[in-house]
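Take a look at the structure set out below.
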Amino acid sequence: MRVIDLRSDTVTHPTPDMRRAIFEAEVGDDVFGEDPTVNRLEAMAAEKMGKEAALFVTSGTQGNLLAVLTHTKHGDEIILGDEAHILWYEVGGAATLGGVNMRTLPNDSGGCLDPDDVLLAIRERDIHCPETTLLCLENTHNRCGGTVLTIEYTNDVCDIAHSRGLKVHLDGARIFNAAVALGVPASALVQNVDSVSLCLSKGLSAPVGSLLCGSTAFIERARKLRKMLGGGMRQAGIVAAAGVVALESMVDRMADDHANARRLAQGLAAIKGIRLTHEHVPTNIVMFGLVPELSAEQFVAGLEEAGVRIIPLEGDLLRAVTHCEVSNPDIDEALTRIEAVCRRLRVR
Ligand code: TLP
C-alpha cells in the first residue's frame, strides 16, 4: 500500500536533480568563506529576498534564533504572536539562549497581529520595564493554517515597529508559499522587514537548510553567532547544492500543492465526523477537527493503519500538509481512506 504522508512538507526527499547537483557540487571550507556553492546559494537567496546578504543555516529554528540573537541583547523584550512557531516549537531558544522576554499578542485567524496591539505593547522607557527591541512576524502562518500576510499588512506593521525603533524579523519558513498564493515576488513581501529566514527543506524539497537574509552588517554579526552555535559547516556546498536547485526550480510548482490542499479541505468538510477549523485554505496547510464522538488518537492511529499520515496537534486539532510528493490522485485516495476510517470509528 502506498503511504500518503501529509504530516508535513518537511518529509519531502531531494529530487533527482538535487541528487545530481549534490554529486557534482564544487565545495570548499565555508568557515573560511571558500565554499563556492554556499556562496552562490547565499547570493541567490539575498537576491530573491531583495536583501544585501544571506547566511546558510542548518534549520529554520537556527535562522530564527540567530535573528533574535543578532537583533537583541540579553534582557530585551520581543513581541510575537501567541501562535508563533518561535513560541511553540523552537524549544524556547529565544528565551533560554537569547535571554529575551517573549511578549505575546493574540494572532487573529489570518496570522496577523492587530497593529494597535503592537503599538500598545511596545514598552515606554521605564526603570521597571525591559526594552522592546524586536517584532517577529510569520508568513505563511503555520498554526493559523498556512495563512498569508499581505504586502500592505506587513508594511503597515513594520512602519509601526520602526517608528518606535524596533527591528522586524519575519519567520518566512514558507515565504515562497505566500508569494505564490498572492502572485507577488517574495521580495515584495519582505521589503520592509529587517530580516527574513526562509526554509529550503519544506515545500521546496531540499534535504537540509534555511537562509537568514538581511543587511550586510546584520549577516556579518549573525555569521559570527552561527559559529558560536556550532553552525559553521565547512564543505556545506554538498547540501547547499540542493538548495540552489530548490530555489531555481521548486517555487512555482507550489501552486499545485495549494490547489491540492484546497481540494483536500473540501473533501474533508464533506466527510461525516470531520469539521474544518480553518475554512480558508490559502496555501498548503489544512487544519481540521473531529466531532466529539471521535477521538483524535484513534483517528490518527486508524489513518496510520490505512496508510495516511497526519499530525495531531494539541486537543483534537489535526493538521495535513500537501507537498510535491502528494499528487492530485493521492488526494482522492487519501479522502477515500479517511472516510472509511471515520465510518469504521463512528460505527464502533
Ligand atoms: N515547522 C515544522 C514543525 O516544527 C512544526 C512543521 O512541520 O511545520 N518556522 C515555521 C513557520 C515552521 O513551520 C518551521 C517548521 C520552522 C520555523 C522551523 O524549521 P526547522 O524545522 O527547519 O527548524
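I'd like the full set of residues that are polar (S, T, N, Q), surrounded by fewer than 17 Cβ atoms within 10 Å (Cβ to Cβ) and under 26 Å from the mean Cα position of the chain (by Cα), limited to region 315-342.
327, 328
For region 1-106, give me every one of the strands (runs of 3 or more DSSP E) that falls completely inside it and has 3 or more residues that are closer than 19 Å to residue 135 by Cβ.
77-81, 101-105
Within region 226-342, which helices (runs of 4 or more DSSP H) (wholly inside it) include 2 or more residues that are within 30 Å of residue 212 (Cβ to Cβ)?
237-249, 254-269
Could you pull out the residue among 265, 261 that is surrounded by 15 or more Cβ atoms within 10 Å (Cβ to Cβ), touching a strand residue (DSSP E or B) at 6+ places or on another chain (Cβ under 8 Å) and without any contact (Cβ under 8 Å) to a residue 24 or more places away in the chain?
Matching residue, one of 265, 261: 265.
Give the residue that is nearest to the chain's Cα centre (by Cα), with candidates limited to residues of region 275-314 that are among the charged types (D, E, K, R) and away from the ligand (no atom under 14 Å from the Cβ).
Restricting to residues being among the charged types (D, E, K, R) and away from the ligand (no atom under 14 Å from the Cβ), the top hit is 279.
Would you call residue 250 aliphatic (A, V, I, L, M), closer than 30 Å to residue 57 by Cβ and touching a His at 6+ places or on another chain (Cβ under 7 Å)?
Numbers: aliphatic (A, V, I, L, M): yes; closer than 30 Å to residue 57 by Cβ: yes; touching a His at 6+ places or on another chain (Cβ under 7 Å): no.
Criteria not met by residue 250.
Against the condition out of contact with any helix residue (DSSP H, G or I) (no Cβ under 6 Å at 6 or more places or on another chain), of a type outside the set (S, T, N, Q), surrounded by 23 or more Cβ atoms within 10 Å (Cβ to Cβ) and in contact (Cβ under 8 Å) with a residue 60 or more places away in the chain, how does residue 240 come out, does it pass?
Answer is no for this residue.
With the structure loaded, tell me whether residue 104 is farther than 29 Å from residue 255 by Cα, within 16 Å of the ligand (Cβ to nearest atom), of a type in the set (S, T, N, Q) and touching a helix residue (DSSP H, G or I) at 6+ places or on another chain (Cβ under 9 Å) or whether it fails that test.
yes
Any read-out appearing in this document is the output of simple, stated calculations on the displayed coordinates, not a laboratory observation. If you're wondering where the values come from, they're calculated on a predicted model, not measured in any experiment. Because the Cβ atoms are built from the backbone with ideal geometry, glycine has one as well, and the counts that use them run over all protein chains shown.
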